[in-house]
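Below you will find the structure I want to go over with you.
The values are calculated or read from the model by the stated rules, or taken from the named source; none is laboratory data. Every value quoted in this text rests on a predicted model; they were computed, and no experiment measured them. We place every Cβ from the backbone using ideal geometry, glycine too, and count neighbours over all the protein chains shown. The protein model used for the area step is the full one, side chains on, heavy atoms only, and it has no ligands, DNA or RNA in it. Shrake-Rupley method; radii C 1.70, N 1.55, O 1.52, S 1.80 Å.
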Amino acid sequence: MKPFYREKYGGCMVLSVDDDPINQMVVENLLSPEGYKVEQAMSGSEALDFLKKTATLPDVILLDIMMPDMSGYEVCQEIRRRYSAVSIPIIMVSAKGHPEHVMKGLEAGSVDYVKKPFHRQELLSRIRAQVRNREIFEAEMESRKVTEMLKRILPLSVIQRLQQGQSMIADAHDEVTVLFADVAGWLSSQSLSSRNTTDVVLILNEMYSVFEKLLLKYQVFRVEHTGESYLVVSGHDGTGDHIKRVLSMAVDMLSAVQQLTFPGGQALTIRIGVHTGPAYAGVVGIDNPRYCVFGDTVSVANALEAKGFDNTIHCSNAVYAAVRSKEGDRGSAKFAPARKSMATGSDVMDTFIFKGGSWEAALKQLEEEEREKEALERESKQTECKEGDKEADKEGAEQAKARAEALEAQVQALEVERKAAEARAEAEATEKRLTAEKLAVEKAEKAAARAQADLLRNRAEAAEAERQKLKDSMAVYERLLAEARNAVATAAAHAATNGNRGGGGNAAAVALTGAAPLVSFHEPHAAAATTTAERDLLFSPEESLAPSDIFPASVAGSAARGPGSVVAGQVSQSFWNMTYPIDMFLRDIGLPQYVERMRSQEITPLVLASMKEKELEALGVETLGARRRIIEASKQYATKVKSTAKMVALYRDGQTLGGGVPGLAAVPTPTPQPPLPTGVLLAPGAAGLRPLLTREPSVAEAPTAASGTGGAYGLAGSVRQVIDLLE
């Protein structure tokens, strides 16, 4: 696998995959000052080619979703076929922030998801987090490698003590179990001379590889081994079942050895001795430390192995007594008596054969040894009593025959006992298997019941949440329905009143004649929801009309004309309350450095929508990307305002109509003012922000009893003029 950039150069490389050069420039300007090396790919195929050809892999990949040749999901899946999520983390960067897109990106193999436009510190923090996670993972893997290497020469409990800061390991254990295995019988010089050395090494490797697996299986420790011996200890780490572990491992060792043969077909044989008792242990050596176990327990195990039998486990009386004390008669049935009063160094003890491996052959061999011993004794007695009378010889023969019969009976009894023990062992194994199967079934049923309960609880919570959501929605719907009914009732009453006065059917007349309804906009001096500059840029006073109930001049004016349209009044009021300050606008698009410059010129987002790149450059926006971003965002905002104006037009109720509608007075139209040239930079101040407004009192501005808004700026025009101007 190729090295990573951070491993070779110490820095961090980020591969940015995006088909938009502006986005690539933003990412580079963001990451390069922070010390990141940024590589760019304009498509998914280019990114895959880069990973194939580069000498060092990137540490993080920023991947866009919408690209021409391959989508980000496809690129991510292809990268995951080559590299894991731990090796190269992928962060999806897209304007799509719906949970379905996030879920799809994570399922494709990404480790994080960032929505455009992203915040500078957020993106940096996410990149640093991925780099930090990889460093932690690498440190953990290195620590595991060191621990695995130490496990080959030291027990895990000793490794943990050394890692905790303990420098000296010297322990005196009250009871440990030692297994001593010997293969000296077939590794003697005479046996080796008749075999190929390569065959011997191969068979040893195969045998010791099986033994190493057994060490892991039973969690015991191999103290040392040579070509002729294999020493294992258990209980040094505080485990209480060390005798059971060692005996089980010994049985598996014999089973494994019986499966191995030399190329000529000759079988392998080993002898095993097991003893339990006190022992000393410690780490010896500085440059090459070794874990050593020494004491009489090791010597006794060695003696048991030396006087044992081929493919048999020769145990001490201490092992037999310990198993019998824990398991009773069932434990004693696992052993067969072996040698009586065997000398093991300074101790003399009775020994036993654990029923595993070729224990039956060992008993027969033991009987043959006893017979040979008795025969020798008999011959000796016969030699000593050679000159005795014949009666003594006869009695000796009878005694020998009786002893032989007794031994035969003993052999038969042992055979019966063996068969009974095998039957009991088979019954116990069957009972254990049935119990294990029953426990497994019960465990599976409990797990299924818990899963079903969790599923039902989650469904209940989801149903409750959905029920509450529907309840809230119904409450809002009922409230809006009531308001709409009240508004319709009020409009119907008002229409009926106008009809009685002779002005009925004006809405139908408007629809038939196709005349554009005219509206007038007025703002009191103390209004702060919408700036005068924004309204002046939206509407031109080509006509001076009476105030409309869609955009009422004031509350008093509306009251003077009548109740008006409640819905239209609320919509128009919400329309004028929608403010978008220039500082908020620039921060939202990631250009806060131009806030003071625009604010000093009293520029608004709607003013920016009518500007060109040269005008923005004259205002101090130097970079091409920034100018294009400002123009695109301001045009999007102007489009939203236009759609809102259209919506307002749909809510008019036709109270103030012109164009020759019967029953309505004609509205005077003032002389239109010539518009100012476009593209001209305006001077700072309120006067420079009103290119479409002439400060002349309008008819609606006169301090009459009907309007009550003297001194306000008169803004008159039709809704169609508003929409045309925005277009």
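Only one of these is on the phi > 0 side of the Ramachandran plot and at pLDDT below 75: Gly658, Gly663. Name it.
One residue alone meets the criteria, Gly663.
For residues that are under 21 Å from Gly356 (Cα atoms) and not β-branched (Val, Ile, Thr), scanning just the range 239-251, find the one that is surrounded by the fewest Cβ atoms within 10 Å (Cβ to Cβ).
Checked the range 239-251; the qualifying residue surrounded by the fewest Cβ atoms within 10 Å (Cβ to Cβ) is Asp241.
Anything in the range 375-404 that is touching a helix residue (DSSP H, G or I) at 6+ places or on another chain (Cβ under 7 Å) and open to solvent by less than 50 Å² (accessible area, probe 1.4 Å)? List them, or say none.
If the condition is that a residue be touching a helix residue (DSSP H, G or I) at 6+ places or on another chain (Cβ under 7 Å) and open to solvent by less than 50 Å² (accessible area, probe 1.4 Å), then Gly396, Ala400 are the ones that fit.
Yes or no: the range 252-271 includes at least one residue that is part of a helix (DSSP H, G or I), over 20 Å from Ser358 (Cβ atoms) and either open to solvent by 10 Å² or more (accessible area, probe 1.4 Å) or touching a helix residue (DSSP H, G or I) at 6+ places or on another chain (Cβ under 8 Å) (or both).
No, because not a single residue in the range 252-271 is part of a helix (DSSP H, G or I), over 20 Å from Ser358 (Cβ atoms) and either open to solvent by 10 Å² or more (accessible area, probe 1.4 Å) or touching a helix residue (DSSP H, G or I) at 6+ places or on another chain (Cβ under 8 Å) (or both).
Count, please, the residues in the range 337-366 that happen to be closer than 19 Å to Val298 by Cβ, among the polar types (S, T, N, Q) and surrounded by fewer than 18 Cβ atoms within 10 Å (Cβ to Cβ).
1
Sticking with this structure for a sec: Test His236 against the stated conditions and say whether it is open to solvent by less than 70 Å² (accessible area, probe 1.4 Å) and assigned to a loop (DSSP other than H, G, I, E, B).
Criteria met by His236.
Specify the residue that is farthest from Glu360 (Cα to Cα); the eligible residues are those in the range 320-336 that are open to solvent by less than 40 Å² (accessible area, probe 1.4 Å) and in a helix (DSSP H, G or I).
Filtering the range 320-336 for residues that are open to solvent by less than 40 Å² (accessible area, probe 1.4 Å) and in a helix (DSSP H, G or I), the one farthest from Glu360 (Cα to Cα) comes out as Ala322.
Next question. Kindly indicate whether Leu407 is more than 26 Å from Ile270 (Cβ to Cβ) and either open to solvent by 100 Å² or more (accessible area, probe 1.4 Å) or not in a helix (DSSP H, G or I) (or both).
It is false that Leu407 is more than 26 Å from Ile270 (Cβ to Cβ) and either open to solvent by 100 Å² or more (accessible area, probe 1.4 Å) or not in a helix (DSSP H, G or I) (or both).
Of all residues in the range 3-43, how many are among the charged types (D, E, K, R), touching a residue at least 24 places away in the same chain (Cβ under 8 Å) and crowded, with 16+ Cβ neighbours inside 10 Å?
Looking only at that region, the number is 5.
Among (1) part of a strand (DSSP E or B); (2) at pLDDT 80 or above, which single condition is Glu224 missing?
Tallying (1) part of a strand (DSSP E or B); (2) at pLDDT 80 or above, Glu224 fails exactly one: (2).
If you scan the range 46-92, which residues turn out to be among the charged types (D, E, K, R) and out of contact with any Lys or Arg (no Cβ under 8 Å at 6 or more places or on another chain)?
Within the range 46-92, Glu46, Asp49, Lys52, Lys53, Asp64, Asp69, Glu74, Glu78, Arg80, Arg81, Arg82 qualify.
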